[in-house]
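Chemist: Structure provided below as structure tokens; questions to follow.
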Amino acid sequence: MDTKNLLTIGGMAKLSGASIHSLRYYERKNLLKPAYIDPSSGYRYYSAEQSYLVNIIKLCVEFDIPLKELTKFIDQDSLIDISALLAHGKDNAQKKLNTLEYGLRVIDALEKKIALTEKYRQHEIYERVLPEIKFYSAPYENSFDSISTGDWIEIYSNIEYNEDDYEYEEMPEFGLMSKHTMSGICRYAVLEIPKHKSVDLSDDNILTIPGGTSFCMQSDESQIENAPEIFKDYIKGAESFWVIESALVSSKNKVNKLITEMRVKVCT
């Protein structure tokens, strides 16, 4: 066969921008067969038009489309459904973009949390004005002083929520909560409900903490059971109050342990 109008594998690599290794890989995957293979030397030759297919394959790589899926868009007559391929690629690209944008929002949320943590790190007790926050909750019958990892797993498994609601939610708050009244103490594990989520407020598992001033303290250890004593000057005369304890993020953290913030909100 006259090969003067064909490209060697090196020529195709130069024209298409794909490496020789990639071109051989595409051949093994039955995506790009050489126009001609010299039976005596095994040299591969390609037509210039095949660079078009190479560019499509490279586009699939950019769109995170597995190459094995590309064969779904090529029929038995070697016709490529470009429109379907582009639609599939666009969908993959949008999902990738959503993931990257979500990642940037998480980074931004973490930076804000770190700044807030560091702002109050040296304060013993400080005030914060917070918006209303709603939580999914699961009750816990015992003192938090005795809570174990197994207890954590069990009570959080009892929190009913939809995982899809958190797909693009940045850093929802979770932790322990107790409500102190004249009748006694109710304890819960809690998970913040995304602000965009509509919930049935008559559900006993939905807890709402009103907005307003909370009295706060950071600690390296859980102190939630000691809250009435620690905040006694701030809750004096109150008939009821909430205590929330959740993890914080600081500029430097121990690998296996985060500091916590305990917040007391007096019920009015």
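Chemist: In the range 121-159, how many are over 26 Å from the mean Cα position of the chain (by Cα), at pLDDT below 90 and surrounded by 14 or more Cβ atoms within 10 Å (Cβ to Cβ)?
Modeler: Going through the range 121-159 one residue at a time, the tally reaches 3.
Chemist: If we keep just the residues of the range 190-219 that are in contact with a helix residue (DSSP H, G or I) (Cβ under 7 Å, 6 or more places away or on another chain) and at pLDDT below 90, which is nearest to Val243 (Cα to Cα)?
Modeler: Pro194
Chemist: Report, by residue number, each residue of the range 242-259 that is in a loop (DSSP other than H, G, I, E, B) and touching a residue at least 12 places away in the same chain (Cβ under 8 Å).
Modeler: Of the residues in the range 242-259, the ones in a loop (DSSP other than H, G, I, E, B) are 248-253, 255-256, 258-259.
Selection gives Leu248, Val249, Ser250, Ser251, Ile259.
Chemist: Here is a follow-up. For the range 193-214, which residues satisfy the criterion of being part of a strand (DSSP E or B) and surrounded by fewer than 19 Cβ atoms within 10 Å (Cβ to Cβ)? Lay out the reasoning, then the answer.
Modeler: We begin by selecting, within the range 193-214, every residue part of a strand (DSSP E or B); these are 206-209, 212-214.
Matches in the range 193-214: Ile206, Thr208, Gly212, Thr213.
Chemist: On the basis of being more than 27 Å from Leu6 (Cα to Cα), in a helix (DSSP H, G or I) and at pLDDT 85 or above, does Ser51 make the cut? Write out each step before concluding.
Modeler: Values: more than 27 Å from Leu6 (Cα to Cα): no; in a helix (DSSP H, G or I): yes; at pLDDT 85 or above: yes.
Spelling it out, it is not the case that Ser51 is more than 27 Å from Leu6 (Cα to Cα), in a helix (DSSP H, G or I) and at pLDDT 85 or above.
Chemist: Restricting to the range 76-109, count the residues that are within 27 Å of the chain's Cα centre (by Cα) and assigned by TED's automatic domain parsing to the domain that holds Leu59.
Modeler: Of the residues in the range 76-109, 0 are within 27 Å of the chain's Cα centre (by Cα) and assigned by TED's automatic domain parsing to the domain that holds Leu59.
Chemist: Just one of Glu239, Glu229, Glu154 is among the acidic types (Asp, Glu) and either touching a residue at least 12 places away in the same chain (Cβ under 8 Å) or closer than 29 Å to Glu101 by Cβ (or both); which is it?
Modeler: Details: Glu229 fails: either touching a residue at least 12 places away in the same chain (Cβ under 8 Å) or closer than 29 Å to Glu101 by Cβ (or both); Glu154 fails: either touching a residue at least 12 places away in the same chain (Cβ under 8 Å) or closer than 29 Å to Glu101 by Cβ (or both).
Criteria check complete, one pass: Glu239.
The values are calculated or read from the model by the stated rules, or taken from the named source; none is laboratory data. Predicted, not measured: the structure shown is a model, and the values here were computed from it. Cβ: placed from backbone, ideal geometry, glycine included. Neighbour counts: every protein chain shown.
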